[in-house]
Every structure is written in C-alpha cells, then in structure tokens.
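The values are calculated or read from the model by the stated rules, or taken from the named source; none is laboratory data. As the structure is a prediction and not an experimental result, all values here were calculated from the model. In this analysis, Cβ positions are derived from the backbone assuming ideal geometry, glycine residues included, and neighbour counts consider all displayed protein chains.
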Amino acid sequence: MDRQQEFVLRTIEERDVRFVRLWFTDVVGSLKSVALAPAEVEGAFEEGLGFDGSAIEGLARVFESDMLAQPDPSTFQILPWRGETEQTSRMYCDILTPDGEPSAADPRNVLKRTLAKAADMGFTCYTHPEIEFYLLKSQEPGPDGSPVPVDEGGYFDHVPGGVAQDFRRTAVTMLESVGISVEFSHHEAGPGQNEIDLRYADALQTADNIMTFRTVIKEVALQQGTYATFMPKPFTAHPGSGMHTHFSLFEGDTNAFYEAGAEFQLSKTAKQFIAGILKHAPEFTAVTNQFVNSYKRLWGGGEAPSYLSWGHNNRSALVRVPLYKPGKGQSARIEYRGIDSAANPYLAYAVLLGAGLKGIEEGYDIPAAAEDDIWSLSSAERRAMGHDPLPASLHDAIRTMEDSELMPQILGEQVFEYFLRNKRAEWQDYRLQVTPYELQRNLGIL
C-alpha cells in the first residue's frame, strides 16, 4: 500500500468519516457517485469496486458490462457542504476492465492518454479555466417563460447587499477548503451571471477541479435558496456562459510557448500548437460545445467566437494570445475561447491538447493573426481573410466530427462512437420539438 492510500485510511479514521463517495463521469460529463462504507475503502484500493458499466452512458456495452472503479487517493477530500457530523469525503476514480486494464471508454483515461502522449513529446500541459454560470432565483421560469436572474448587475458590477457577492464569497471559501485555488471571481456581463477563475494546474487536475467546481457551485446555490446553471445560453438577450481556457506547455521548468524577441514573444512550438487547434477546431466543436443550446451561444453574439481565427489580445478571435507581461516569460500562454461551461472537461481538454500536439508533430503553418474585430467584418471579408466559420449547429458539428480522422485517434473508437450516438439522439429529439418561437411566429398567421 502506498503512502497516499495510507494517508486516506488514516484520515478517514481520525476524522470519523462515515461515507466515502467514489466519483467518475460518463461520456457527456455527468458526475456519477457511489458511497462506500469506510471499512470497504482498503479493498477498493486493492481490487477496485465492481459495478455494471452498461448502465452508465457510453461506458460499456451490455455484453461486457462488468467494470471496476479504482479510487485515486491523490484526489481525496472531505466535502464541507455535508457538515461536520457524519463527515463525507470523495475520491475520483479511474475505470478499469475486470482484468485491471484502463477502460478505453473512461473520459478521465482519454485525457490521461493524451497527457501521456504530450509527456512522450517532452511536454507537461497546464490549464487555467475561466468558468461562467448564471445564478437564478429558482429553477422555475418566470411568467414570460424565461429564467429569473438573482440581480440585474453587469460586468464587474459591485451590487451593494447583492446575493451574488455573498454567493461568490461562500463558494470561493468552499472551493479552497477542498483544495481548489481560485484566482478571480466577479460579476459577469449578464444579469445574475458570474465568473470564477481557477488557478492554473496540470490538465488532469484541472478537469477534476472543474467537476468538483460544478458540484460546489450547485450546492452553495441550493443552500442559499438560489439555483446555479451552467447551461451555455439560458437567455436569448444576454451573453452565454463560456469556459475560456488558457493552455501552456512546459519542457521541464521552461515554458515551451515563450521565445524572447519573437513576434508576440511566441515560440515556433506555440504557433504550431495554435495552428493545430485552428485546423481541427471544426472537428472537435461537437466535444467542446456538446449541446443543441451550445450553438445559441456560439452564434448569438455576446463575445462568443464563431470563426477560425487567432489574434494578439483580440477578444473576437477563437484563439487569443494574452498581453505579454515584460519579464514574465513563464506566463506565456494561449487562450481557447470557444469552449462552453457545459463541456465534459476530460474530453474537451483531450481534443484541444491532441489537436495542438498534432500541429507540433506535423509542423503546421499558422495563418496570419486577426487584428480586426471579426464580428464587424462582412461574410465576404471573413472569407477573403480565411476566417472560416465553426459549425453552426449541433447537427453540423456531428457531421464534421464524423468525417474526422484525428478525433477517433484522440478519443478512442469506443468513446468516439458513443459520444456521436448520444449527440445524434439529442439532435433527433430537438428536431421533433415544436418550440414557443414557432407557435408565437406562426400560429396566428398560418
């Protein structure tokens, strides 16, 4: 038994932890949980916990349903919102086949495989997400059928006595108590919209942190009599919720994206990484923007990027190179602005990183940087500049992903097939719906 496992068992005993929750995600990023009695934890470390994988979306086919959940002791945390009496803890799990091999269908393993490839190329990947969400008065819509935000605040607004301020203070305190470092928190542009930025960490830890973050945000909201949603675009008239993520690759202690004296201080490696992301972005948009509603954000204005472009400090670009700080070469990074807050972070980071690594491997050439506001250009101007559009709907994104050679390589055939099957079913369900928009527009005149 290793030192981390011993630490977990000792802490469970000393803190009188009564429930140990094992967490993992399905293919679309829904959190799954099973509670273990403390006496069973040592056995779970040694042998894993058996469960029926065929009942979890995309995890196993019916004829190979037996799976094992193997807790990762490095992710052990006490859950503060469960209270001080009869304490509850959690660990993330890796999903294994009965013979102890990593499951090809486990999203966490998909990201681990991509990070292993990066390591083989000499790189460690760090990520820093900016997570937006809306705080609503309740899950129930208002009289006009729209959600009701907790306030009418705007970007960086300080609302005296505001619900969101108390909410963010409590949420940040709770996040830090489970080991998640927060860099910034503030009111975003939409009414009731908030943003909390997590401090940078390696990509696997960040993905775990995002899953914990969503749970903490939902729990704090419920405790305060409100409701938090990560839906990409809950309001027609207000901005959607993105999860802009900063990426950097390090070779040992050296930032591989930094080159002093180069244009924008960007190394050749960084430019090839950007080129890989731009070339393959249409193929992975179904993963980074996985719901019908995601495309309302991408194409609904409000600073969401919808064209293939990159730029230095250009907030209309899909890939932004943040302003270089003199003397801070270690902070050189790129920001992908397309991803939304409802993505499965394991799969989203796997495809983004995998596309960037492909650009480095193949030596892709980067297109010219966009200096204009891409939203203000005409369609003809965008075409002439090579700013092709991202897929315009989930249907378009599915079709583009189906034709990709790179996505099944990154995701593995099983995740690739299950993910597409799930998304096709969502699109089919959506296509059959008669929406309030159609009724309002057509019922009285047709």
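Residue by residue, here is whether (1) in the same structural domain as Val220 (by TED's automatic domain parsing); (2) in a loop (DSSP other than H, G, I, E, B); (3) touching a helix residue (DSSP H, G or I) at 6+ places or on another chain (Cβ under 9 Å) holds:
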residue: Trp81; (1), (2), (3): no, no, yes
residue: Ser89; (1), (2), (3): no, no, yes
residue: Ala104; (1), (2), (3): no, yes, yes
residue: Ala119; (1), (2), (3): yes, no, no
residue: Gly122; (1), (2), (3): yes, yes, no
residue: Thr127; (1), (2), (3): yes, no, yes
residue: Ser138; (1), (2), (3): yes, yes, no
residue: Asp144; (1), (2), (3): yes, yes, no
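Please find, within region 355-374, the residue that is farthest from the chain's Cα centre (by Cα) out of those that are surrounded by 14 or more Cβ atoms within 10 Å (Cβ to Cβ) and assigned to a helix (DSSP H, G or I).
In the first step, residues of region 355-374 are kept if they are surrounded by 14 or more Cβ atoms within 10 Å (Cβ to Cβ); the result is 355-360, 364, 366-367, 369-370, 372, 374.
Next, from what is left, pick out any that are assigned to a helix (DSSP H, G or I): 355-360, 374.
Details: Ala355: 16, Gly356: 17, Leu357: 19, Lys358: 21, Gly359: 22, Ile360: 23, Ile374: 25 Å.
By that ranking, first place goes to Ile374.
Which residues, taken from region 293-309, are in a helix (DSSP H, G or I) and surrounded by 21 or more Cβ atoms within 10 Å (Cβ to Cβ)?
Here is the first cut: in region 293-309, the ones in a helix (DSSP H, G or I) are 294-298.
Within region 293-309, Ser294, Tyr295, Arg297, Leu298 meet the criteria.
Would you check if Ala392 is outside any helix (DSSP H, G or I), surrounded by fewer than 11 Cβ atoms within 10 Å (Cβ to Cβ), assigned by TED's automatic domain parsing to the domain that holds Gly145 and touching a residue at least 12 places away in the same chain (Cβ under 8 Å)?
Details: outside any helix (DSSP H, G or I): yes; surrounded by fewer than 11 Cβ atoms within 10 Å (Cβ to Cβ): no; assigned by TED's automatic domain parsing to the domain that holds Gly145: yes; touching a residue at least 12 places away in the same chain (Cβ under 8 Å): yes.
So Ala392 fails the test.
Hey, any hits in region 236-246 for a residue that's over 17 Å from Glu188 (Cα atoms) and either touching a helix residue (DSSP H, G or I) at 6+ places or on another chain (Cβ under 9 Å) or not in a loop (DSSP other than H, G, I, E, B) (or both)? Yes, there is a match, as at least one residue in region 236-246 is over 17 Å from Glu188 (Cα atoms) and either touching a helix residue (DSSP H, G or I) at 6+ places or on another chain (Cβ under 9 Å) or not in a loop (DSSP other than H, G, I, E, B) (or both).
I want to confirm something. Restricting to region 226-235 and keeping residues that are of a type in the set (Phe, Trp, Tyr) and not in a strand (DSSP E or B), which single residue is nearest to Glu132 (Cα to Cα)? Working first, answer last.
So the first thing to find is which residues in region 226-235 are of a type in the set (Phe, Trp, Tyr), and the list is 227, 230, 235.
With the extra rule that they be not in a strand (DSSP E or B), the set shrinks to 230, 235.
On the way: Phe230: 7, Phe235: 14 Å.
Once the filter is applied, the top-ranked residue is Phe230.
When Arg383 is tested against (1) part of a helix (DSSP H, G or I); (2) in contact (Cβ under 8 Å) with a residue 60 or more places away in the chain, just one condition goes unmet, and that condition is (2). Residues that are part of a loop (DSSP other than H, G, I, E, B) and farther than 19 Å from Pro408 by Cα were ranked within region 59-79; the one that is modelled with the lowest pLDDT is Ser65. Restricting Leu222, Leu266 to those that are buried (at least 17 other Cβ atoms within 10 Å of the Cβ) and not hydroxyl-bearing (Ser, Thr, Tyr) reduces the list to Leu266. Tell me, yes or no, whether region 158-175 has at least one residue that is over 20 Å from Gly242 (Cα atoms) and in contact with a strand residue (DSSP E or B) (Cβ under 6 Å, 6 or more places away or on another chain). No, region 158-175 contains no residue that is over 20 Å from Gly242 (Cα atoms) and in contact with a strand residue (DSSP E or B) (Cβ under 6 Å, 6 or more places away or on another chain). If only residues of region 269-292 that are part of a loop (DSSP other than H, G, I, E, B) and in contact with a Phe, Trp or Tyr (Cβ under 9 Å, 6 or more places away or on another chain) are counted, the one that is surrounded by the fewest Cβ atoms within 10 Å (Cβ to Cβ) is Val292. Residue by residue through region 84-126, note down the ones that are in contact (Cβ under 8 Å) with a residue 40 or more places away in the chain and hydroxyl-bearing (Ser, Thr, Tyr). Residues satisfying the conditions are Thr88, Ser89, Tyr92, Ser103, Thr114, Thr124, Tyr126.
Out of Tyr364, Tyr307, Tyr295, report the one residue that is of a type in the set (Phe, Trp, Tyr) and touching a strand residue (DSSP E or B) at 6+ places or on another chain (Cβ under 7 Å). Steps first, answer last, please.
Details: Tyr364 fails: touching a strand residue (DSSP E or B) at 6+ places or on another chain (Cβ under 7 Å); Tyr295 fails: touching a strand residue (DSSP E or B) at 6+ places or on another chain (Cβ under 7 Å).
Residue meeting the stated conditions: Tyr307.
When you go through Thr229, Thr173, Thr245 one by one, which is the residue that is hydroxyl-bearing (Ser, Thr, Tyr) and surrounded by 21 or more Cβ atoms within 10 Å (Cβ to Cβ)?
Numbers: Thr229 fails: surrounded by 21 or more Cβ atoms within 10 Å (Cβ to Cβ); Thr173 fails: surrounded by 21 or more Cβ atoms within 10 Å (Cβ to Cβ).
None of the other options fit; the residue is Thr245.
Looking only at residues in region 1-50 that are of a type in the set (Phe, Trp, Tyr) and in a strand (DSSP E or B), the one that is farthest from Leu420 (Cα to Cα) is Phe19.
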